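In what follows, a structure is listed as structure tokens, so that the remarks can point back to it.
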Amino acid sequence: MLYPSKAGGESWFMAADPTKDARFDPQSKISLNSDGSWKIKSAQVRLSVFTSTSLNTIQIPTYARDELARKGYMQSPNDWKNVEMTGFVKLNAVSDAKDNFDWYARGGRHTDALPCEGSSYKGALHYDGRVRWQKETWHVSYEQAPYKPAVSPIKNRWVGLKAIIRNVQVNGAEAVRLELWVNDNADKVTWQRVYDMVDAGDWGGDASQCDGANDKMPITWGGPIAVFRWDSAKDVDFKWMSVREIEP
């Protein structure tokens, strides 16, 4: 843990048998490896992690951005908001070496049918070793932060990635601090911060499409789903995944 867990807050840790975990939805078949890790073979992976309240659309009365910012959550007070997401992955086969792993939160489902439910901050580790943050104001409307070099190409080796999303105060207003950390040798100890930025309402976005008064407003509210995502990777092993609510 890099940041302390919030007392009484939400947490999820990958179970010994995640196929029996109602809060975990891999959306594709996963299989157990001999070393205790799990394998998934899909070109489009979305490992969804729900809060203890799970997703219940009828409990989301509005997607209006100003109202979500006022309440601090999309569905329930225990939505994933200030979070530390951790996952270890081993990229075994890939069709596009420039694609990436993404850990993201602060929204619900990402579907064209409900575009304003699909808000998120996405922390990306690319297969070639680059990193960056993305701001998805709604599905699909992205703003990309610049790439930064972080590690050597990650194919055929274990690597750990942490995405940390937490609210902070900037000039008396609520903002969002975004951090990416990499454990390059996968020892679970030697974490290195490779990206650190703040969205203080001056970064991209078109929140007016979802009734936001300020197009560039930060995504300060929580959402019922946190997701470990990757594309173009035909064979990936994963382990030691967790999502914890942290003190902001």
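The values are calculated or read from the model by the stated rules, or taken from the named source; none is laboratory data. None of these values were measured; they are calculated from a predicted model. Glycine also receives a Cβ, built like all others from the backbone with ideal geometry; neighbour counts cover every protein chain displayed. Just the protein is used for accessible areas: all its heavy atoms, side chains included, with ligands, DNA and RNA removed. Shrake-Rupley method; radii C 1.70, N 1.55, O 1.52, S 1.80 Å.
Pairs of Cα atoms under 8 Å, at least six residues apart: use those to get the relative contact order of the chain, whole percent. Present the calculation step by step, with values, prior to reporting the outcome.
Values: 657 pairs, mean separation 79.2, N = 248.
Dividing the mean separation by the residue count of the chain yields 32 percent.
Name the shape class, rounded, prolate or oblate, that the alpha-carbon gyration tensor gives for the stretch 1-99, where a ≥ b ≥ c are the square roots of its eigenvalues, rounded holds for a/c under 1.5, and otherwise prolate holds if a/b is larger than b/c and oblate otherwise. Can you show the working numbers first?
On the way: a/c = 1.98, a/b = 1.71, b/c = 1.16.
In terms of gyration-tensor shape, prolate.
Would you list 55, 32 from the most to the least accessible area, probe 1.4 Å?
Working: 55 45, 32 110 Å².
From most exposed to least exposed: 32, 55.
Using mean Cβ contacts within 10 Å as the protection proxy, how do 60-68, 141-149 order, highest first? Don't skip to the end; give the middle numbers.
On the way: 60-68: 17.9, 141-149: 13.9.
Those peptides, ordered most packed to least, come out 60-68, 141-149.
Hey, if we sort 117, 174 by accessible area with the 1.4 Å probe, largest down, what's the order? Please report the intermediate quantities before stating the final value.
Numbers: 117 0, 174 80 Å².
Highest to lowest solvent-accessible surface, that is 174, 117.
Which of rounded, prolate or oblate describes the stretch 98-152 when judged by the alpha-carbon gyration tensor and an a/c cut-off of 1.5?
Working: a/c = 2.83, a/b = 2.44, b/c = 1.16.
Prolate shape, in that a/c is at least 1.5 and a/b is the bigger ratio.
Would you please calculate the Kirkwood hydrodynamic radius of the stretch 133-206 over all C-alpha pairs and express it in Å, rounded to one decimal?
Numbers: mean 1/r = 0.0711 Å⁻¹.
With all distinct Cα pairs of the stretch 133-206 included, I get 14.1 Å.
What is the ratio of the Cα radius of gyration of the stretch 115-248 to 2.2 N^0.38 Å, with N the residue count, to two decimals? Mind dumping the intermediate values first?
Details: Rg = 15.6 Å, N = 134, 2.2 N^0.38 = 14.1 Å.
Rounded to two decimals, the normalised Rg is 1.10.
Please give the charge dipole size of the chain, origin at the Cα centre, charges +1 on K and R Cβ atoms and -1 on D and E Cβ atoms. Round to the nearest 20 debye.
Values: 32 positive and 32 negative charges, 126 e Å.
In debye, rounded to 20, the chain gives about 600.
Let me make sure I get this right: for the stretch 48-141, a, b and c are the square roots of the gyration tensor eigenvalues over alpha carbons, sorted descending. Under 1.5 in a/c it's rounded, otherwise prolate if a/b > b/c, else oblate. Which is it?
Details: a/c = 2.25, a/b = 1.91, b/c = 1.18.
Since a/c reaches 1.5 and a/b is larger than b/c, the shape of the stretch 48-141 is classed as prolate.
Please compute, for the alpha-carbon atoms of the stretch 191-240, the extent along each of the three principal axes and give them in descending order in Å.
43, 26, 22
How much of residue 90 can a 1.4 Å solvent probe reach, expressed as accessible area in Å² and rounded to 10?
50 Å²
Using +1 at the C-beta of Lys and Arg and -1 at the C-beta of Asp and Glu, which of 175, 222, 207 has the Cα lying farthest in the positive direction of the dipole of the stretch 166-248?
222
Given 4 °C and 1.567 mPa s, compute D for the chain with the Stokes-Einstein relation, Rh being the Kirkwood radius over Cα pairs; round to the nearest whole µm²/s.
On the way: Rh = 18.0 Å.
Rounded to a whole number, D works out at 72 µm²/s.
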